[in-house]
Amino acid sequence: MKLKLMVLAISLVSFSGAAAAFDFGKLLEEGINQELNKGRQTQPARDASQSAAPQPKSKIDAGQLGFALFGDYSPEEETRIGRQIAGNLLGAVPLVRDDKLQRYVNLVGDWVAQQSGRKDITWHFGVLDTEDINAFAAPGGYIFVTKGLYQRLNNEAELAGVLAHEIAHVTLKHHLKVLKQSSLIGALGQAASHKAKDSDQVVQNLIGNGAEIMARGLDKNAEFEADRVGIVFAARAGYDPWGLPDVLQDLAGLPAKDSRTSLLYKTHPHPADRLAALGEAVDGHLDAVQGKDLPGRFYHLR
Amino acid sequence: MKTFLIPASLLVLCVAAASANAAPGTVLRNDKLYSQPSAASKQAGSVAKGASVNILAKQGGWLRVTSGKSTGWIRLLSVRAGAGGLGGAGLGDVVGAATTRSDPSRVVAVAGLRGLNDEDLKQARFNGAELAKLNTWQATPAQARGFAAQAGLKTADVAALPAPQPAQTSSPWGDN
């Protein structure tokens with residue numbers, strides 16, 4: 001514990017000064033590796049309940065994660081981080097118990113994600129059982145849409161547009177960038193973090209409290225970028241590219257004093273600003289695109 | 001019962017159609033009105049940022065609107081629907097005051113439903129059972145391709161959009 005605090009204190013000092021960070025780099029790396037390995041020993045059966053990935057292959061040297069504070073996250077590390085964030089988010093709000101709905105969203109989502117060019121991750125999609133109107137993306141391809149938002153959708157192209165925006169956050173690694181910036185500072189405040197079954201304590205220390213990172217939001221330019229990139233993913237998948245704009249139009253028309261959108265507006269620019277920014281980028285570039293909106297196949301949630 | 005339901009649903013349709021006829025909107029950027037939903041068609045006028053329009057119809061990426069004496073088709077992304085004016089870009093207080101980002105505990109219960117908030121997410125504990133449930137619904141790339149093909153979805157060659165000029169309008173919704 002003392003060592004941990006000392007290491008983190010050094011890391012904070014070095015973080016604030018670029019020159020000092022260079023000198024302390026190696027010492028810091030060793031210290032963090034030691035810390036992370038220690039943390040790992042307390043969680044030997046971390047992935048025991050995970051059937052998806054074979055245990056020996058997914059084994060990661062925790063030291064790598066320490067190094068990731070300075071370098072790039074590997075796809076495995078990214079998945080580990082995303083899995084922890086997704087598991088925490090699901091602790092706040094469960095999934096809708098509707099196999100057909102969830103399967104439908106995964107089939108649509110994976111098809112759109114195939115147009116993103118990222119083949120090194122496995123995509124997961126889920127509809128969250130809350131009236132709140134929002135959608136979330138976590139690193140490693142974990143994407144969630146709330147029931148409140150899903151129920152406002154009119155066709156598959158709109159679903160594809162919403163999912164494409166979130167997929168873009170993942171492929172552009174927006175959350176990882178935020179995480180990297182705040183991880184050292186966040187870790188200091190997280191010396192005593194919750195312990196929960198199957199939870200990845202090492203990653204938890206990096207991401208902060210629960211799924212707080214989902215409430216922190218991104219820079220507004222990251223949101224505009226995800227709209228701009230997402231609309232193209234949906235169009236490449238063969239959908240009518242106006243699905244996402246139609247959803248933004250719908251949200252723009254909602255009453256402002258609506259508790260269902262308070263978190264959305266805390267973490268995203270207003271839909272009118274998003275439409276305006278998207279309009280500047282799209283202009284006439286999508287005029288020739290002829291996509292499908294598939295209202296007949298859209299799975300309606302009661 | 002059935003004979004009653006049909007006129008009732010017709011009434012709903014009429015009301016919806018009537019409100020669609022008069023749907024207000026606000027122009028988000030200076031743009032042209034065209035005589036057809038196509039940039040190749042004859043120009044029918046122009047509208048300035050901030051102007052109020054009535055939205056008459058929608059077709060693909062186009063809206064048919066009236067603005068003053070002009071009627072024509074405008075790009076969907078050049079107009080915001082609803083009576084909120086320029087929204088985040090201009091009249092921040094009209095909408096901004098309601099969705100305060102300073103106090104997450106202040107729940108404005110207009111809809112009578114409580115949304116997710118910071119505290120819910122902060123307090124969240126890892127739920128391995130839900131995560132395992134999520135995995136059961138996962139689609140393989142081949143399954144997703146098959147599902148897309150069933151509906152006749154075909155990949156389209158669409159170029160990435162250019163990044164915008166650096167100057168973005170500032171938003172009272174915050175820069176978080």
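The table for this structure:
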quantity	calculated
Rg(Cα)/(2.2 N^0.38 Å) for the range A:72-302, N = residue count	0.98
Positive minus negative residues near A:Ala113 (Lys, Arg vs Asp, Glu; Cβ under 13 Å)	+1
DSSP beta bridges in the range A:72-302 [antiparallel fraction, %, rounded to 5]	45 percent
Peptide A:287-294, shielding by other chains (average Cβ, 10 Å cutoff)	4
Accessible area buried at the A-B interface, both sides summed, 1.4 Å probe (Å², nearest 100)	7600 Å²
Residue mean of other protein chain beta carbons inside 10 Å, A:104-116	5
Solvent accessible area, Å² - A:Glu212, 1.4 Å probe, full protein context	50 Å²
Computed accessible area, A:Tyr104, all protein chains, 1.4 angstrom probe, square angstrom	10 Å²
Inter-chain shielding of B:71-80 (mean C-beta neighbours from other protein chains, 10 Å cut-off)	6
Threshold 20 Å² - residues in the range A:87-103 whose accessible area is reduced by that much or more when the chain is no longer isolated, probe 1.4 Å	A:Gly87, A:Asn88, A:Leu90, A:Gly91, A:Ala92, A:Leu95, A:Arg97, A:Asp99, A:Gln102, A:Arg103
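The values are calculated or read from the model by the stated rules, or taken from the named source; none is laboratory data. These figures come from a predicted structure and were not determined experimentally. So basically every Cβ, Gly included, is an ideal-geometry build from the backbone, and we count neighbours across all protein chains shown. Surface areas here come from the heavy atoms of the whole protein model, side chains and all, with no ligands, DNA or RNA. Shrake-Rupley method; radii C 1.70, N 1.55, O 1.52, S 1.80 Å.
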